[in-house]
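The values are calculated or read from the model by the stated rules, or taken from the named source; none is laboratory data. All figures in this text were calculated on a predicted structure; none of them were measured in a lab. Here Cβ is always computed from backbone atoms with ideal geometry, including for glycine, and neighbour counts include all displayed protein chains. Heavy atoms of the whole protein, side chains included, go into the accessibility calculation; ligands, DNA and RNA do not. Shrake-Rupley method; radii C 1.70, N 1.55, O 1.52, S 1.80 Å.
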Amino acid sequence: MDLGLQGKWALVCAASKGLGKGCAVALAREGVNVVITARGDAALQATAAELRQAAPGVQVLAVAGDITTPEGRAAALAACPQVDILVNNAGGPPPGDFRDWGREAWLAAVEANMFTPIELMKATVDGMASRGFGRVVNITSSSVKAPIDFLGLSNGARSGLTGFVAGTARQGRLAAAGVTINNILPGTFDTDRLRSGFASVAQKSGQPLEAVMTARRKTVPAGRFGTPEEFGALCAFVCSVHAGYINGQNLLIDGGAYPGTF
Ligand code: NAP
């Protein structure tokens, strides 16, 4: 299927690894020019080189910086000639007990997982509307739909973003001008973040890492973790010309882990 995205420009945030990288690879393979960001320059440059090899015809620009800061966002936006596609992503907040979190921990979570994507939408969606095409994909979490008790910072901050998107995506001046805004909710995907979480569980419990991962895999009906490639494929489709009637949605991709009918 031709996704109809040749020559578009995408800003894919937090994309040197994991799910963001999966999205950047899938979009570049569809002929989309990409600006990718991450804080660590070495991994970012390595990913940019991989993208150029995977999609020789497209432009790949790498902008090192912290996307949760005004400077990081300004640099990313300045590098992108026009943002037709915005993939919002950043590291997730740490796990813990809400009794231990103060104002600073909450502000950091809200800054990274709610305010940053809202600021980037504010900077880009009216331009998208003026050109008659735009796609925003926010990478959130299955924990928005099925909250995880020790991820309270994530549950809270991402729910705030989800509420904002539910209203904004339906504004006529965006929706009727070809702009869609959707959230993609990952379940368990095999990325560095997932593995470091399991490594800390293994260390605390004294179990081997592989035993922790096997036990977790068994909780997913698919019997495995998702791959960044699968996540990227869904992102690319949601960004495609064929997905113009999908708007304001929360799309779960979790191997069947969420147990509800809806
Ligand atoms: P990952 O493999 O650790 O990759 C994170 C990427 O984001 C890296 O490229 C990292 O590079 C970059 N990054 C992190 N913080 C950044 C910042 N402030 N500014 C710019 N770049 C930043 O993580 P992942 O598993 O892909 O997770 C991506 C998001 O999905 C996270 O918010 C996570 O909570 C959420 N999520 C993941 C899963 C899962 O199963 N993997 C499930 C639910 C939700 P640098 O460190 O060099 O900046």
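Structure values in brief
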{"item": "Mean-position separation - Cα centroids, the range 223-239 and the range 1-64, in angstrom", "result": "15"}
{"item": "Fluctuation leader among GLY160, GLY96, GLY206 - the chain, Gaussian network, Cα springs under 10 angstrom", "result": "GLY206"}
{"item": "Positive-pole candidate from SER141, ALA129, PRO117, dipole of the range 87-224, charges at beta carbon", "result": "ALA129"}
{"item": "Within a Gaussian network of the chain (alpha carbon springs, distance under 10 Å), most fluctuating of ALA175, ALA15, ALA222", "result": "ALA222"}
{"item": "Other-chain or far-sequence residues with amide H under 5 Å of PHE189's (modelled H)", "result": "GLY226"}
{"item": "On Cα atoms only, tilt of 41-54 relative to the major axis of the chain in degrees", "result": "60"}
{"item": "Orphan Cys of the chain, criterion: no other Cys C-beta under 4.7 Å", "result": "CYS13, CYS80, CYS239"}
{"item": "Vicinal HN-Hα couplings computed from phi for the range 19-27 (Karplus, 6.51 cos²θ - 1.76 cosθ + 1.60; Hz; Gly/Pro x)", "result": "5, x, 4, x, 5, 4, 4, 5, 5"}
{"item": "Inter-label distance, nm, simple model (7 Å from Cα along the C-beta direction), ALA42/ARG216", "result": "2.5"}
{"item": "Within straight-line cross-link reach of LYS21, aspartates and glutamates at Cα separation under 15 Å, skipping those fewer than 8 residues along the same chain", "result": "GLU30, ASP41, GLU50, ASP190, ASP192, GLU229, GLU230"}
{"item": "Unit charges on C-beta of K, R, D, E only; dipole of the chain, Debye", "result": "300"}
{"item": "Over 30 Å between alpha carbons, listed pairs LYS17/LYS204; LYS122/LYS218; LYS8/LYS218", "result": "LYS122/LYS218; LYS8/LYS218"}
{"item": "Computed label-point distance, nm, for sites LEU61 and ASP192 using a 7 Å Cα→Cβ extension", "result": "2.4"}
{"item": "Label-to-label distance, nm, for residues given as THR69 and GLU104 (7 Å Cα→Cβ offset)", "result": "1.7"}
{"item": "Residue with peak Gaussian network fluctuation, the chain [Cα springs, cutoff 10 Å], from THR219, THR68, THR37", "result": "THR219"}
{"item": "Relative packing of 108-120, 40-52, which averages over residues the other C-beta atoms within 10 Å, highest first", "result": "108-120, 40-52"}
{"item": "Probe 1.4 Å - accessible area at VAL58, Å² to nearest ten", "result": "20"}
{"item": "Computed over the chain: relative contact order in percent, which uses C-alpha pairs under 8 Å that are six or more apart", "result": "22"}
